[in-house]
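Participant: Got a structure here, written out as structure tokens. Questions coming.
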Amino acid sequence: MSTKEKILDAALSLFAENGYDGTSVEQIASVVGIKAPSLYKHYKGKEDILNALIDSAEARYDDMFGSEKNIGNVPQSREEFIQVTMGRIAFTMRDPLIRKTRMFLVQEQFRNERISEVTTRHQLYGIQGMFAKIVKGMMDEGIVVKDDPKLLAVELTAPAVLWIAQADRWPQSEEEMLGNIEKHIRHFCDVYMK
């Protein structure tokens, strides 16, 4: 791991633990094992580190989970839809970078405008927009009954977001929450898929 990556890793852990305002550049440098002036060789300051963290997490999330612009292939069956969706959810819940980033963003969203925008975009509109496109594609293929894809996306994603938040609060409940999410997705399929 490069020094630049170590700085981001240390910053994310400290931000998630102490909050953005509660973390200093000196603390980040200390965890990395460098002096604060050395940190400035890699980043202009704490805000530059925050922006690099957000950009890195967004790129990883888009690549591994998907986005409204990157929905991947439209599932061709109920089981494919369940498998792909559960894979995305498992990634969201288990990837250490994404989990720490999500927890940090949730805590800081009311204190920082950029963090608020990123959190809203990902946890509300981005996920719903992506699944609205997936559901619409499945409607076009005749797999999902004709309905309002945006409303169905909200119905599909809202419980999952709540259960993921519960697993973040109580990590010991992760398997139970994954089970709840899968039951919900299967119920959704029973109701809306042919």
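Coordinate-derived values only; no laboratory data. Computed from a predicted model, the values in this text were never measured in an experiment. Virtual Cβ from ideal backbone geometry, glycine too; neighbours counted across all protein chains shown.
Participant: If packing is taken as the average number of other Cβ atoms within 10 Å across a peptide's residues, how do 60-68, 165-173 rank, most packed first?
Facilitator: Top of the packing list down: 60-68, 165-173.
Participant: Please list the non-local residues whose amide H lies under 5 Å from the amide H of E68, H modeled 1.01 Å from N, same-chain partners needing a gap of 5 or more.
Facilitator: Distant-sequence amide H within range of E68: M130.
Participant: Taking 8 Å as the Cα distance limit and 6 or more residues as the minimum spacing, I'd like the relative contact order of the chain as a percentage.
Facilitator: 20 percent
Participant: Something else: Can you list the HN-Hα couplings for the stretch 146-153, worked out from phi with the Karplus curve (6.51, -1.76, 1.60; θ = phi - 60°), rounded to whole Hz and with x for Gly and Pro?
Facilitator: Once rounded to whole Hz, the list reads 5, 6, 7, x, 5, 5, 5, 5.
Participant: Between the stretch 143-186 and the stretch 22-70, what is the separation of their alpha carbon centroids in Å?
Facilitator: Taking the Cα centre of each part, the stretch 143-186 and the stretch 22-70 sit 30 Å apart.
Participant: Per residue of the stretch 29-45, what does 6.51 cos²θ - 1.76 cosθ + 1.60 with θ = phi - 60° give for ³J(HN,Hα)? Whole Hz please, x for Gly and Pro, Karplus curve as stated.
Facilitator: Running phi through 6.51 cos²θ - 1.76 cosθ + 1.60 with θ = phi - 60° gives 4, 4, 5, 6, x, 10, 7, 3, x, 5, 4, 5, 6, 9, 9, 5, x Hz.
Participant: Once the Cα atoms of helix 127-140 and of the chain are each reduced to a long axis, what angle between those two axes, in degrees from 0 to 90 to the nearest 10, is obtained?
Facilitator: It works out to around 30 degrees.
Participant: Express in nm, to one decimal, how much length is gained between D147 and N18 on full extension, taking 0.36 nm for each residue of separation and deducting their alpha carbon distance.
Facilitator: Contour length minus Cα-Cα distance gives 42.0 nm.
Participant: Hey, another quick one. Report, ordered by chain and residue number, the lysines lying within cross-link reach of K183, taken as a straight Cα distance under 23 Å and ignoring same-chain residues fewer than 8 apart.
Facilitator: K133, K136, K146, K150, K194
Participant: I would also like to ask the following. If you rank V118, V144 by fewest surrounding Cβ atoms within 10 Å, what's the result?
Facilitator: V118, V144
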